[in-house]
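So the structure is just underneath, and the comments pick up after that.
The values are calculated or read from the model by the stated rules, or taken from the named source; none is laboratory data. These numbers come from a predicted model, not from an experiment. Note that each Cβ is placed from the backbone with ideal geometry, even for glycine, and that neighbours are counted across all protein chains shown. When the accessible area is computed, the model is the full protein with side chains, heavy atoms only, and any ligands, DNA or RNA have been set aside. Shrake-Rupley method; radii C 1.70, N 1.55, O 1.52, S 1.80 Å.
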Amino acid sequence: MTRPPRGAWWSGRCYAALDTACRYLYLSLLWTVTAAPLVTAPAAAAALVATVRAWAQGDEGPVATAYLGHLRRSARTGTAAFAILFPVAAVLTANALIVPHMAGQRPYAAVASAAVAIPFLVFTANLVPTLADGASGVRDAFRRTVERVVGHPVAAALTAAVALLAVCCVYVQPFAALLIAAPAARLVVAAHDRPAARTATTSSPRHPVTP
């Protein structure tokens with residue numbers, strides 16, 4: 001958006017709120033278009049998180065330029081990760097459709113499916129911010145994702161909950177992606193930035209105070 005002239009009545013908080021809303025809507029639209037082929041969904045989600053995180057750090061450059069730059073950087077690793085995880089997701093989806101029709105074995109099958117589906121959901125959801133960090137390859141991305149989940153379980157659980165809620169909303173109403181994609185990414189960024197900031201604070205050396 002073009003900044004208003006200094007002293008205009010609609011500058012200040014009014015402009016900031018309108019600018020933020022337009023940026024989030026535009027970014028959600030870019031994500032919806034680039035994630036539509038599904039194969040590009042992991043890279044698109046990583047670019048979404050990376051762009052929103054840059055905003056949180058004060059970078060207010062052009063939305064499309066920043067997003068497409070992050071998308072290019074995460075495209076190869078994100079697509080390779082999709083190729084590995086898609087068969088598992090397909091099997092879990094098939095189980096979700098079959099389990100309700102298993103009569104007496106349904107409770108046991110449901111528990112077994114949930115025991116696999118929940119860790120898979122947590123891992124997949126937290127793979128996105130790892131890709132946004134710029135993982136150098138699929139192996140590195142998977143390793144860092146496991147470390148992220150183990151090291152910060154609360155942030156990992158919040159990320160999975162946000163991802164699940166966003167998927168459910170888009171499943172019920174596909175046009176909801178235009179409204180919730182960027183805000184959901186902001187929640188993920190907030191969830192992971194707090195543990196990172198706390199770790200950096202506690203790990204920084206304390207200098208003795210000299211009289």
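Out of all the residues in segment 37-78, which are over 17 Å from Ala185 (Cα atoms), open to solvent by 30 Å² or more (accessible area, probe 1.4 Å) and not in a helix (DSSP H, G or I)?
Passing the criteria: Pro37, Leu38, Val39, Pro62.
Sort through Ala80, Ala47 and tell me the only one that's under 19 Å from Val162 (Cβ atoms), touching a residue at least 40 places away in the same chain (Cβ under 8 Å) and out of contact with any strand residue (DSSP E or B) (no Cβ under 6 Å at 6 or more places or on another chain).
Of Ala80, Ala47, the one residue that is under 19 Å from Val162 (Cβ atoms), touching a residue at least 40 places away in the same chain (Cβ under 8 Å) and out of contact with any strand residue (DSSP E or B) (no Cβ under 6 Å at 6 or more places or on another chain) is Ala47.
Can you tell me which residues in segment 134-157 are surrounded by fewer than 19 Cβ atoms within 10 Å (Cβ to Cβ) and under 17 Å from Leu187 (Cα atoms)?
Pro153, Val154, Ala157 - these are the residues of segment 134-157 that are surrounded by fewer than 19 Cβ atoms within 10 Å (Cβ to Cβ) and under 17 Å from Leu187 (Cα atoms).
Of these, Val154, Val172, Val149, Val162, which one is over 23 Å from Ala54 (Cα atoms) and of a type outside the set (Asp, Glu)?
Step by step, each of Val154, Val172, Val149, Val162 is checked, and only Val172 is over 23 Å from Ala54 (Cα atoms) and of a type outside the set (Asp, Glu).
Considering segment 83-109 alone, what residues qualify as being of a type in the set (S, T, N, Q) and free of Cβ contacts under 8 Å to residues at least 12 places away in the same chain?
Across segment 83-109, the qualifying residues are Thr93, Gln105.
With surrounded by 14 or more Cβ atoms within 10 Å (Cβ to Cβ) and at pLDDT 90 or above as the only criterion, which of Ala125, Ala109 stands out?
Details: Ala109 fails: at pLDDT 90 or above.
The conditions single out Ala125.
Quick one: in segment 163-178, which of the residues that are in contact (Cβ under 8 Å) with a residue 24 or more places away in the chain and under 23 Å from Ile84 (Cβ atoms) is surrounded by the most Cβ atoms within 10 Å (Cβ to Cβ)?
Selected residue: Ala163.
Name the one entry in Ala114, Ala160, Ala155, Ala190 that is part of a helix (DSSP H, G or I), touching a Pro at 6+ places or on another chain (Cβ under 6 Å) and not hydroxyl-bearing (Ser, Thr, Tyr). Give the steps one after another, and end with the answer.
Details: Ala114 fails: touching a Pro at 6+ places or on another chain (Cβ under 6 Å); Ala160 fails: touching a Pro at 6+ places or on another chain (Cβ under 6 Å); Ala190 fails: touching a Pro at 6+ places or on another chain (Cβ under 6 Å).
None of the other options fit; the residue is Ala155.
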